[in-house]
Amino acid sequence: MCGIIGYIGNKLVIDILIDGLKRMEYRGYDSAGLTVLDKKDNQTTVKISGKVKELEKKCHPLIKNKYTCGIAHTRWATHGEPTEINAHPHSDCKNEIFVVHNGIIENYRALKEILEKEGHKFKSQTDTEVIAHLIEKYYNGVLEDAVAKALALVEGAYGLAILSIKENNKIVAVRNGSPLILGIGEKEMFIASDVVSIITHTKQVIYLDDKEMAIITPTDYRITTLFKEEVLKEVQEVTWSIEQIEKCGYDHFMLKEIFEQPLTIQDAYRGRLKPKEGDGRLNGLNMDKDAIHKIKRIIFVACGTSWHAAMVGECMLEEYARIPVEVEYASEFRYRNPLIPEDTIVFCISQSGETADTLAALREAKSRGARVLGICNVVGSTIARESDGGVYIHAGPEIGVASTKAFTSQICALAVMTLMFARARVMSINQGKEIINALLSLPDKIKDILNKAEEIKRIACKFKNANNFLYLGRGVNFPVALEGALKMKEISYIHAEGYPAAEMKHGPIALIDENMPVVIIATKDAVYDKIWSNIEEVVSRKGKVIAIGTEGDTQLSSKAEEVIYIPDIHPMLIPVLSVIPLQLLAYYTAVLRNCPVDQPRNLAKSVTVE
């Protein structure tokens, strides 16, 4: 959600800023802008309402000018409409101080009222502009001092990059609740909210923590707290490759990421299986068998797709490890005075590791004395750093806004954790070996499903004009039904709902007629006979059944209008396979409806505000 990039050095500044913004387009935005400075204290600001390509066109006459530094931003509107005047950067009364901002300033109205009484004139409807005027108020020749004084009055979340024409060889950046990364190059420095925006220039980065401020010049940097205490930070190396953030011949990032799953699944369990012992290992949890035995309850907190993965984890852990599990929306958990008794472990699941609600839930759980563990994709993310331990899913950068490979990698990480916990408590070695063999078979079985992409595209073409979809599943496939429905509405803009199949009779059945496609996950498992009854109920009301079935099940085709078959697999791992046809169905439906697959309207990849 929103993107920040700043650069100071000797290269063509505008080129670097525009390229960085393009690489962050997947985060979701509605306007964009930049400010650049030269060595003669001249500034140029360009802003647009719309896409980065329009900003690039507007900047084209300026690209080769000798600017020394600049900041740029893509905005996702919160305060004020997505207009050019509300786009960042924002400036003070004199147009000398320029600010880009991710986050929300909660007390901006009170601050704005005070500043207006003091004579400050505001140009926009945004909360961000308050920061520029506060810095102007306190500026006395040292930008970082004025920033620290201004932010002492600010309440809320922010990632900030700030310029002053009076100090044209410096950028100040501050983080509180919204991610910021310092990139270190050779005689050049970067500030970014997302590492993908600078990975083509440097892989040497420092992750800022809350209430930390970076002061950068082309050849040096200094990090302090907002209270002017010096902070020594470790420089880390980004392991992602440039190829991982490119489309590599695919039409969309989402399609590329769907087809990457045979590899990302392997990366999720690589080095974490003990085949001879029928066991798993997750060293990042820092838990031995005694600690596992003491667990009385697990709470998962997550949002969106990660919440669905948590629901799969709940089924796994309760069935195989016999540990009671609760799954909570992170956004609700933090506000409802939750009970966290002793020997409860709280797991926070987030692809980005920066999801604001999940991070707030983590802090709430820690404040109540809970041990909190993270399940994240992004190394060095805030949740990863603030957790007491955790698991990286190793899915690589996920650029498509609609999550695909991260979901299946989360499930695989949860499967390894289930195996580890179950073997420590109740599971036999032979059962453990059976699950390991099933995990090892997943990549080839996923490839079998991906080979049916054209068949799924044909089905999407048949139903692309539907106004509504209903998704039904039972047991471990109920979360998959929710995830399939989420993918459909996220990227195709078709209304879709997921339900436990047994709940269909308690309301949704009223919607079923000859115009209603009903996707039913009907794999051969313990509740197959029950799901068959649900299929009968849909067909008798002329609903159009699209079934996800197990290979060899010829019975389904007698009732379903379309059947997509998946290979047989251990019951615990069915969701990893059953979700892939649903990802492809949503993808092709969106393409056929000419929807912007990788950047669906109103959505952001990483939701870093409430």
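The values are calculated or read from the model by the stated rules, or taken from the named source; none is laboratory data. For clarity, every value in this text was computed on a predicted model and none was experimentally measured. Note: ideal-geometry Cβ built from the backbone for every residue, glycine included; neighbour counts use all protein chains shown. Calculation scope for accessible area: heavy atoms of the full protein, side chains included, ligands and nucleic acids excluded. Shrake-Rupley method; radii C 1.70, N 1.55, O 1.52, S 1.80 Å.
Figures for the structure shown
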item: Within the stretch 398-437, tally of residues that are farther than 30 Å from LYS256 by Cβ, open to solvent by 10 Å² or more (accessible area, probe 1.4 Å) and not aliphatic (A, V, I, L, M); result: 7
item: Residues being in contact with a helix residue (DSSP H, G or I) (Cβ under 9 Å, 6 or more places away or on another chain) and in a loop (DSSP other than H, G, I, E, B) - total across the stretch 542-582; result: 11
item: Residue list for the stretch 327-348, filter: polar (S, T, N, Q), under 14 Å from GLY369 (Cα atoms) and surrounded by 12 or more Cβ atoms within 10 Å (Cβ to Cβ); result: THR344
item: Whichever residue in the stretch 535-559 is among the hydrophobic types (A, V, I, L, M, F, W, C) and farther than 12 Å from ALA522 by Cα and, among such residues, is surrounded by the most Cβ atoms within 10 Å (Cβ to Cβ); result: VAL538
item: Tally, over the stretch 491-524, of residues that are surrounded by fewer than 22 Cβ atoms within 10 Å (Cβ to Cβ), of a type outside the set (Val, Ile, Thr) and part of a helix (DSSP H, G or I); result: 8
item: Among residues of the stretch 363-397, those that are among the hydroxyl-bearing types (Ser, Thr, Tyr), within 17 Å of the chain's Cα centre (by Cα) and open to solvent by 50 Å² or more (accessible area, probe 1.4 Å), counted; result: 1
item: Test: residue in the stretch 240-253 that is in contact with a strand residue (DSSP E or B) (Cβ under 6 Å, 6 or more places away or on another chain) and either outside any strand (DSSP E or B) or farther than 14 Å from VAL174 by Cβ (or both); result: no
item: Which numbered condition ILE16 fails, given (1) touching a residue at least 60 places away in the same chain (Cβ under 8 Å); (2) in contact with a strand residue (DSSP E or B) (Cβ under 6 Å, 6 or more places away or on another chain); (3) closer than 17 Å to TRP76 by Cβ; result: (3)
item: Selection within the stretch 229-288 - over 23 Å from the mean Cα position of the chain (by Cα), surrounded by 14 or more Cβ atoms within 10 Å (Cβ to Cβ) and under 16 Å from ALA413 (Cβ atoms); result: ARG272, LEU273, LYS274, ASP279, GLY280, ARG281, MET287
item: Options GLU342, GLU328; residue that is in a loop (DSSP other than H, G, I, E, B), among the charged types (D, E, K, R) and touching a residue at least 24 places away in the same chain (Cβ under 8 Å); result: GLU342
item: Among residues of the stretch 3-29, those that are surrounded by fewer than 19 Cβ atoms within 10 Å (Cβ to Cβ) and either in contact with a Pro (Cβ under 9 Å, 6 or more places away or on another chain) or among the small types (Gly, Ala, Ser) (or both), counted; result: 1
item: Some residue of the stretch 262-277 being farther than 25 Å from ARG423 by Cβ and touching a residue at least 40 places away in the same chain (Cβ under 8 Å); result: yes
item: Residue satisfying all of: in the stretch 306-345; at pLDDT 95 or above and of a type in the set (Ser, Thr, Tyr); nearest to MET287 (Cα to Cα) among these; result: TYR320
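Let's see how each residue does on (1) surrounded by 21 or more Cβ atoms within 10 Å (Cβ to Cβ); (2) in a helix (DSSP H, G or I); (3) on the phi > 0 side of the Ramachandran plot:
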site: ALA291; (1), (2), (3): no, yes, no
site: VAL301; (1), (2), (3): yes, no, no
site: ALA309; (1), (2), (3): yes, yes, no
site: GLY313; (1), (2), (3): yes, yes, no
site: GLU318; (1), (2), (3): no, yes, no
